[in-house]
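*Asks:* Let me begin by handing over the structure; questions about it come next.
The values are calculated or read from the model by the stated rules, or taken from the named source; none is laboratory data. As the structure is a computational prediction, the values presented were derived from the model and not from experiment. A quick note on method: Cβ atoms are made from the backbone with ideal geometry, for glycine too, and the neighbour counts reach across all protein chains shown. These accessible areas exclude ligands, DNA and RNA; they are computed on the full protein's heavy atoms, side chains included. Shrake-Rupley method; radii C 1.70, N 1.55, O 1.52, S 1.80 Å.
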Amino acid sequence: MVELISKVEADYVPNLTTAARDPDVQLIVGVGFLLSDALAQVAQRFPNKNFVGIDTFAQSIIKEKFPAKYPLPNLMDIVYEEHKGSALVGALATLLAAHYNKPYIGGVFGIEIPVLWKFEIGYKWGARWATEWMFKNKPDKAFKYRTDFVLWTYTGTFSDIPKGYAAAKAMYAKDAVAVYNIAGPLGLGINQAVQEIAKARGLKMGPPFWIGVDANQDWINPGFVIASMMKRVDKGVYYATKFVKDGKFRDLVKQTKGTLVLGIGTKVAGELTEGISVSTLADLDEFIKMGQTAEKLTGKKVLPAPPAEIRAKVKAMREAQPQWIWAAVAELEKKIREGTVTVPLVLTKPDIEKWRKELG
Amino acid sequence: MKSRLWLGALFIILAALLLQSFPYALVQAAPKRFKIAVVSDTADPEAGGTSASTTWHSRAVRMRRGISASRWWSSSARWRPITSPT
């Protein structure tokens, strides 16, 4: 495998071209939306090479600019069902609130754009689902969903960590049991807010908790990150590689119109191809191994503690929560997978306004 | 002589047509090594790349739904454009 890191946007086309010119390269993966235009351009110039974009919309560009070529047979966009994973962690946080008798759960968001609406409404919908689940299954803990139950803040940034800290601090001050990070690196600000509370109260584990996003972030502060909503970009790359190796890539482009959706219970050509999940201990092991490899490669310390200690703390934290909470989350996941419940997918302004009226 | 020329021309045309549709099959049939190339974007959080990346996601979503990006930008009072990563 070769990796070409783009320093500026002007590098995209040359980097993709360099990769495509290598006679041994059969699959070129472009990671990130910014590569959409370049992928659409270079994939047309190299019809014998296979191109994949993660979170891209390259086929939409082909459809708009070159409709006769749509879908381009050697190009696949891979996108994710973030709303479903957010529903699961929304339910988890709500059940924890019920268990610890806390009044709120929280969410710290980045810039208010449609992709984040998927997270927001998914999270709130999962919270409401959990309150309804408790009335049926855990009446002693049940409470009615309130539109002010989920505290949420759009910080307007994906890079200003202190803004994440300030938003989370305000939520924990209101006694929120857990805060969901939907702003990438701002999670470090949320973590800082949790660490301050933990230090002041001498806590070894939450509550308060926070919830990680995208990667498994449970290792960042073991005992205080209750789980992570994982969006497995690595799995997307794995599936694409497998399709090319199996000689199915171009057939699948034809079948899917060049857009592969990875989520919970998603299938391609009858095979389960998932990319969204709530983190488990097994996932943690995998990410700890990645951290160890990174330490070997870079010579820099990555993990906050020895692997065994991280694992023990996360395991103890999870086991300290009642089993019915994890069972309820597993039940919701099963229902999503089976299609017996539908998590709303919100992408437009009228939709977000409608759902905010309903869920807060 | 003429018929030989015609045959030659026909052969060249056929060969060109075959070559046009064949390379991918040849590449697939006889790969020397299986190699993957990964090209990253400039999404470095410190450079504001993550936000820029997400911005483009929203644009993508609108495009998939057949709504032009410019209409979306103007429709949101809370939207602030993100400069390209540096």
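*Asks:* Considering only protein heavy atoms, what per residue accessible area in square angstrom results for the stretch A:178-318 with a 1.4 angstrom probe?
*Replies:* Details: 6080 Å² over 141 residues.
Computed with neighbouring chains in place, this is 43 Å² per residue.
*Asks:* Considering Cα pairs under 8 angstrom that are at least six residues apart, work out the relative contact order of the stretch A:255-316 and quote it in whole percent.
*Replies:* 21 percent
*Asks:* Something else about it: How about A:Lys300: which lysines have a C-alpha closer than 16 Å to its C-alpha, ignoring those fewer than 8 places off in the same chain?
*Replies:* Here the lysines satisfying the reach criterion relative to A:Lys300 are A:Lys289.
*Asks:* May I pose another question? Treating only the Cβ atoms of Lys and Arg (+1) and Asp and Glu (-1) as charged, compute the dipole magnitude of the protein assembly as shown about its Cα centre; round to the nearest 20 debye.
*Replies:* Computed charge dipole of the protein assembly as shown: roughly 740 debye.
*Asks:* Dipole size in debye (nearest 20) for the stretch A:301-360 around its Cα centre, Lys and Arg Cβ +1, Asp and Glu Cβ -1?
*Replies:* Values: 12 positive and 8 negative charges, 43 e Å.
Dipole magnitude for the stretch A:301-360 comes out near 200 debye.
*Asks:* Stick to Cα atoms and the Kirkwood definition of Rh, then tell me Rg/Rh for chain A.
*Replies:* With Rh from the inverse mean 1/r over Cα pairs, Rg/Rh is 0.99.
*Asks:* Separate question: Report the calculated FRET efficiency for A:Glu64 and A:Thr280 (r = Cβ-Cβ distance, R0 = 35 Å), to the nearest 0.05. Working shown, then result.
*Replies:* Numbers: r = 40 Å, r/R0 = 1.15.
That pair, A:Glu64 with A:Thr280, gives E of 0.30.
*Asks:* Next question. Once amide H atoms are placed 1.01 Å from N in the peptide plane, what residues at a sequence separation of 5 or more from A:Gly53, or on another chain, have their amide H within under 5 Å of its amide H?
*Replies:* Correct list: A:Gly30, A:Met76, A:Asp77, A:Ile78.
*Asks:* Right, another one. Go through the stretch A:182-204 and flag every residue whose accessible area shrinks by 20 Å² or more with all protein chains in place compared to the isolated chain (probe 1.4 Å).
*Replies:* A:Pro185
*Asks:* Another question about this same structure. Contact order normalised by length for chain A, with contacts defined as Cα pairs under 8 Å and 6 or more residues apart; what percent is it?
*Replies:* After rounding, I find 18 percent.
*Asks:* Note the buried accessible area between B and A here, summed over both chains, with a 1.4 Å probe, in Å² to the nearest 100.
*Replies:* Result for this pair: about 4700 Å² buried.
*Asks:* Here is a follow-up. Using modelled backbone amide H atoms (1.01 Å from N, in-plane), which distant-in-sequence or interchain residues come within less than 5 Å of A:Thr155's amide H?
*Replies:* It is A:Phe109, A:Gly110, by chain and number.
*Asks:* To continue, here is another question. State the extension gain, in nm to one decimal, for the chain segment bounded by A:Thr340 and A:Thr17, taking 0.36 nm per residue of separation less the distance between their alpha-carbons.
*Replies:* 111.8 nm
*Asks:* Here's a follow-up. Set the bar at 30 Å for Cα to Cα. Now go through A:Lys136/A:Lys174; A:Lys174/A:Lys267; A:Lys138/A:Lys315; A:Lys144/A:Lys199; A:Lys242/A:Lys296 and name every pair that lies beyond it.
*Replies:* A:Lys174/A:Lys267; A:Lys144/A:Lys199
*Asks:* Which aspartates and glutamates, on any chain, are close to A:Lys354 with Cα under 14 Å apart, when same-chain ones fewer than 8 places away are left out?
*Replies:* A:Glu120
*Asks:* May I ask for log10 I(q)/I(0) of the stretch A:16-61 at q = 0.16, 0.33 Å⁻¹, from a Debye sum over the Cα atoms as equal point scatterers with solvent left out?
*Replies:* The calculated log intensity ratios at q = 0.16, 0.33 Å⁻¹ are -0.35, -1.29.
*Asks:* Compute from the Cα atoms of the stretch A:1-136 the Rg and the Dmax, the latter being the longest Cα-Cα distance, and quote both in angstrom.
*Replies:* Both quantities, over Cα of the stretch A:1-136: 20.7, 61 Å.
*Asks:* Okay, moving on. Rounded to two decimals, what is the ratio between the C-alpha radius of gyration of the stretch A:208-276 and 2.2 N^0.38 Å?
*Replies:* Computed over Cα atoms of the stretch A:208-276, the ratio equals 1.41.
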